[in-house]
Amino acid sequence: MKARNIAEKIIAAHLVSGTMAAGEPIAIRIDQTLTQDATGTMAYLEFETMGIPRVKTELSVAYVDHNTLQCGFENADDHRYLQTVAAKYGVLFSRPGNGICHQLHLERFGKPGKTLLGSDSHTPTCGGLGMLAIGAGGMDVAVAMGGGAYHITMPKVYKIHLTGALRPQVSAKDVALEILRILSVKGGVGAIMEWGGPGVATLTVPERATITNMGAELGATTSVFPSDEMTREFLKAQNREQDYVPLEADADARYDRVIEIDLSTLKPMIACPHSPDNVVCVDSLSHVKVDQVCVGSCTNSSLMDLLKVAAMLKGKIVAPGVSLSISPGSRQVLTMLADCGALSDILSSGARLLECACGPCIGMGFSPNSGGVSLRTFNRNFLGRSGTKDGQVYLVSPETAVASALSGYITDPMTLNPVTINMPDSYKIDDSAVLLPLAEADAVNAEVLRGPNIKEFPKSQPVVGSLDASLVLKVGDDITTDHIMPAGAKILPYRSNIPKLSQFCFEVCDPEFAQRAKEAGSGIIIGGHNYGQGSSREHAALVPMYLGVRCVIAKSFARIHAANLINAGILPLTFANETDYDGLCENHHLVIAHVAEGMAEGKLIVKNLTTGTSFETLCQLSERQQKILLAGGLLNYTKEGGQ
């Protein structure tokens, strides 16, 4: 048998159709799904639309971790909807306050060798356990819950070969930032990051999860570690040793690229505003004064992280002028911090304790002051994501975060004496905040409760004939889904209300966009490289679709967003000649003839009636994706019997 790497082994065990050759379309069976409330409400509305009476996965979990600030009825209504829809359709429900979906799934549900599809781009966190965990749009997750396969292009597989061991005060976050420095936010597109080498054995599962979490910022399909003795020890401590299976690459497995990192040479790293790959060494920024420090998020909120934080803060006080927040990743983490006294050390320092939720990472509270410098142990520092438009957000490790909070300036933690922590042999297990669904017989007549903020799923239009549209917006490179559909405490409550949400579409780039697109009736957006990077939020496709956007032409697309556009019935095209981008302006009148035929041929000609010119675009779609667009989106395609 041909030697295989870890990614190939898991894909082969779940392959439904296709050939495992990079660039070829494949379909894989999904064992588990997860949703969170910011994307999950729409995902379950879509699932209900499909008319399937019960989820068909081995395990599906609905988490509430994003929209936990209840400033009005909207979030509470959505939580109630999620709880009742989960009970009816066979989904576990994790109550608000129980913790962040990725941290919780790692602790309680992830299994080596299994596949996980989540409606959140940081689902690859569970790759730290040896899962093939992939982020996707809610519509793809809904189809997977209904028993459908997940369709992707077979990725390349890159190996990051680790040697050595991390020095004191250098952490897994620094490893993640180093690979971002090497590859950039575009460097992982179309690839799986597989971590191997002798250095892997020195990293615990929480450390591995930090690295796989940040792999989403590379644009990678997912990231995965071996399942080894470290994995077994973690699962045993979670009282889940029965879930352990060993998993490693064959000795002569092949990779499309190998990147070498010597852990013993790494220094503390920091990502500067406003991109996760704008990475430099911490010691180069010691002159920068700090206003705010946030520790938490799905990247760095584990018990291991926060025990280090507590040990560094013990007996010390946060510098005047610095506001420090701590967000434990789960109730398990919080209660264990409290039981061992570490929480008292944190609180005595002057830190502010926030809920076990995403919180500031998604712009849900704790925004920095005007122009403020905020150091965060999070995964993204996109412009305005913090909730403060001119906030200067840096991404750091917990060690760098605490060192800087104590000094008031960006501080290399290697200048401080290292601390020692002892991890417990077993974690405190309390799954009482995870509610079981109703028995299938009882679920038949169970009521799903909907608040007035929950609106019907918007209807898309089939891509047929010719497309005659106005160029309603032109944007540059690295446009994120935060640009397209912002998050934050003011906007997130409307995730189940597309008409209301549409008022904020592209507000960061152009406050007039929504009105202009609606008036145009049929619109085209022009973008640069890596269009749609960042969050998996399908609202960044659904809302433009609602506003009449029929096509996006870009230099290149982020993987999840391109899939979300197709699922929403929006045609994604790339420039055959990137210089054609320069000649396009807002309000140009564009026509694309014979769309169906062009999709089949792989190229479409766009006529610019305003300038009298034409240019060629590429349309690299699988046969299934073409059928989805011709049906008017994935839901229509699925209801018509498409697989």
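Taken together, the values in this text are just the output of simple stated rules run on the coordinates, not laboratory data. These figures come from a predicted structure and were not determined experimentally. Every residue, glycine among them, receives a Cβ derived from its backbone with ideal geometry; neighbour counts consider all protein chains shown.
Volume per residue of the convex hull around the Cα atoms, evaluated for the range 15-168, comes out as 132 Å³. Each peptide among 315-327, 432-444 gets the average number of other Cβ atoms lying within 10 Å of its residues, and from highest to lowest they stand as 315-327, 432-444. Charges on Cβ only, +1 for Lys and Arg, -1 for Asp and Glu, centred on the Cα centroid of the range 60-167; of 98, 79, 154, which one is farthest towards the dipole's positive end? Of the listed residues, the answer is 154. Coupling constants for the range 365-378 follow from the phi torsions by the Karplus curve (6.51 cos²θ - 1.76 cosθ + 1.60, θ = phi - 60°), and in residue order they are x, 6, 5, x, 5, 4, x, x, 8, 10, 9, 9, 8, 8 Hz; glycine and proline get x. Taking 29 Å as the cut-off for C-alpha to C-alpha distance, list the pairs among 186/455; 173/289; 159/555 that go past it. Long pairs (Cα-Cα over 29 Å): 186/455. Note on the range 235-317: Cα convex hull, mean projected area over all directions, 10.2 nm². For residue 489, the residues 5 or more places off, or on other chains, whose built amide H falls under 5 Å of its own are 365.
Which of the peptides 419-427, 157-165 is most tightly packed, and how do the rest follow, judged by the mean count of other Cβ atoms within 10 Å per residue? Walk me through the numbers before you get to the answer.
Values: 419-427: 12.3, 157-165: 20.3.
In decreasing order of mean packing, 419-427, 157-165 become 157-165, 419-427.
Averaging over all projection directions, find the projected area of the Cα convex hull of the range 467-639 and quote it in nm² with one decimal place.
On the way: hull surface 36.5 nm².
Result: a mean projected hull area of 9.1 nm².
Would you mind getting me the FRET efficiency between residue 432 and residue 16? Use the beta-carbon distance for r and R0 = 41 Å, nearest 0.05. E between residue 432 and residue 16, to the nearest 0.05, is 0.65. Here the range 269-415 is treated with +1 on each Lys and Arg Cβ and -1 on each Asp and Glu Cβ, and its dipole about the Cα centre works out to around 220 debye. Full extension of the chain segment joining residue 3 with residue 344 gains 117.6 nm, where the gain is 0.36 nm per residue of separation less the Cα-Cα distance.
Look at the dipole of the range 260-393 built from charges on Cβ: of 287, 268, 372, the Cα furthest out on the positive end belongs to 372. Working from Cα pairs under 8 Å separated by at least six residues, relative contact order for the range 6-265 is 22 percent.
For the listed peptides 70-80, 27-37, a ranking on the average number of other beta carbons within 10 Å per residue, highest first, reads 27-37, 70-80. For residue 623 and residue 245, the difference between the fully extended length at 0.36 nm per residue and the C-alpha to C-alpha distance is 132.4 nm.
Taking a quarter of the surface of the Cα convex hull of the range 269-415 gives a mean projected area of 7.4 nm².
Taking 7 Å steps out from each Cα toward its Cβ at residue 73 and residue 594 produces label points 5.5 nm apart. Size of the range 28-104: Rg and Dmax of its alpha carbons, in Å, are 12.2, 41. Divided by 2.2 N^0.38 Å, where N counts the residues, the Cα radius of gyration of the range 6-265 comes to 1.00. Computed over the range 277-325, the Cα gyration tensor eigenvalues convert (square root of 5λ each) into semi-axes of 20, 17, 11 Å, ordered from largest to smallest.
Each Cα pair under 8 Å and six or more residues apart adds its sequence gap; the mean of these over the residue count of the range 296-338 is a relative contact order of 64 percent.
Out of every Cα-Cα pair that the chain contains, those further apart than 36 angstrom amount to 34 percent.
Contact order normalised by length for the range 269-415, with contacts defined as Cα pairs under 8 Å and 6 or more residues apart; what percent is it?
Numbers: 349 pairs, mean separation 52.8, N = 147.
The normalised contact order for the range 269-415 reaches 36 percent.
For residue 224, the residues whose modelled amide H falls within less than 5 Å of its own, excluding neighbours fewer than 5 places apart on the same chain, are 193, 194, 195.
Strictly greater than 18 Å: what percent of every Cα pair in the range 576-643 meets that?
Working: 1107 of 2278 pairs.
Looking at the range 576-643, the distances longer than 18 Å represent 49 percent of pairs.
Would you calculate a helix-derived [θ] at 222 nm for the chain, using -39,500 (n - 2.57) for each DSSP H run of n ≥ 4 and dividing by the full residue count, to the nearest 500?
Working: 21 runs with 184 residues, N = 643.
Roughly -8000 deg cm²/dmol at 222 nm, from the helical runs in the chain.
Rounded to the nearest 20 debye, the dipole size of the chain about its Cα centre is 340 debye, using +1 on the Cβ of Lys and Arg and -1 on the Cβ of Asp and Glu. Comparing 598, 113, 386 along the charge dipole axis of the chain, the residue lying farthest to the positive side is 386, per the Cβ-charge model.
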